[in-house]
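Taking it in order: structure first as structure tokens, then the write-up.
The values are calculated or read from the model by the stated rules, or taken from the named source; none is laboratory data. Not measured: the values here are computed from a predicted model. Positions of Cβ are generated from backbone atoms using ideal geometry, with glycine treated the same way; all protein chains shown enter the neighbour counts. Protein only, heavy atoms only, side chains kept; ligands, DNA and RNA dropped before computing areas. Shrake-Rupley method; radii C 1.70, N 1.55, O 1.52, S 1.80 Å.
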Amino acid sequence: MFPWNLLPFDRNTQKKFLEMKPDEVENYVQQMMGKMLQPNMSGMLKPEEWLKGMQQQHAPDPVKPTTGLGAEMFETHDFVFLRIPLKEEAMLKQMKLFYTSNQVIIEHIPDISDKHTLVLPATVKRKGAAANYRDGVLELRLIKIVDMQFAEIDISQ
């Protein structure tokens, strides 16, 4: 058995702890931790502030503006989506869309002489893309390349 009577707290201290309210216990723990921590660590964030900062920093932002076109790009597990707002449906007839495994090229919008190149957040297949226009937004769906093939390079001396 553990010799509980040998703890550094006497009966009066134990009684004091039993009668403390939760706020008083928290203040006591904060004071003891403040005494134990090094002086240069006193500027650290409290756990609640740190957690709040982490949530704000890593909050998912699925749609990110990417160009002066007002285009938005995001990716899922299987696809990369690109949404381009168009003022007029007639722009569909004049625009040209091209893509490679890592970028999309948009020509002739908003003016005939314009050309926009967007870098994709992931590599995509060169076949199988789809484009749909609805409610003033042109949406491109590109299939991600899931199987990245790596080759090891031998280093000789």
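Residues of region 78-130 that are farther than 20 Å from Ile145 by Cα, in a loop (DSSP other than H, G, I, E, B), open to solvent by 60 Å² or more (accessible area, probe 1.4 Å) and of a type in the set (D, E, K, R): Lys87, Glu88, Glu89, Asp111.
When region 131-157 is filtered for residues that are open to solvent by 90 Å² or more (accessible area, probe 1.4 Å) and either touching a Ser or Thr at 6+ places or on another chain (Cβ under 6 Å) or among the acidic types (Asp, Glu) (or both), the ones remaining, listed by number, are Asp135, Asp147, Glu152, Asp154. Screening Val80 on (1) at pLDDT 90 or above; (2) over 21 Å from Gly68 (Cβ atoms); (3) within 30 Å of the chain's Cα centre (by Cα); (4) β-branched (Val, Ile, Thr) shows it passes everything except condition (2). Of Pro22, Pro65, all but one fail to be open to solvent by 70 Å² or more (accessible area, probe 1.4 Å) and modelled with pLDDT under 70; the exception is Pro65. Scanning region 1-19 for residues that are open to solvent by 80 Å² or more (accessible area, probe 1.4 Å) and either modelled with pLDDT of 75 or more or in a helix (DSSP H, G or I) (or both) gives Trp4, Asn5, Leu6, Arg11, Asn12, Lys15, Lys16, Leu18, Glu19.
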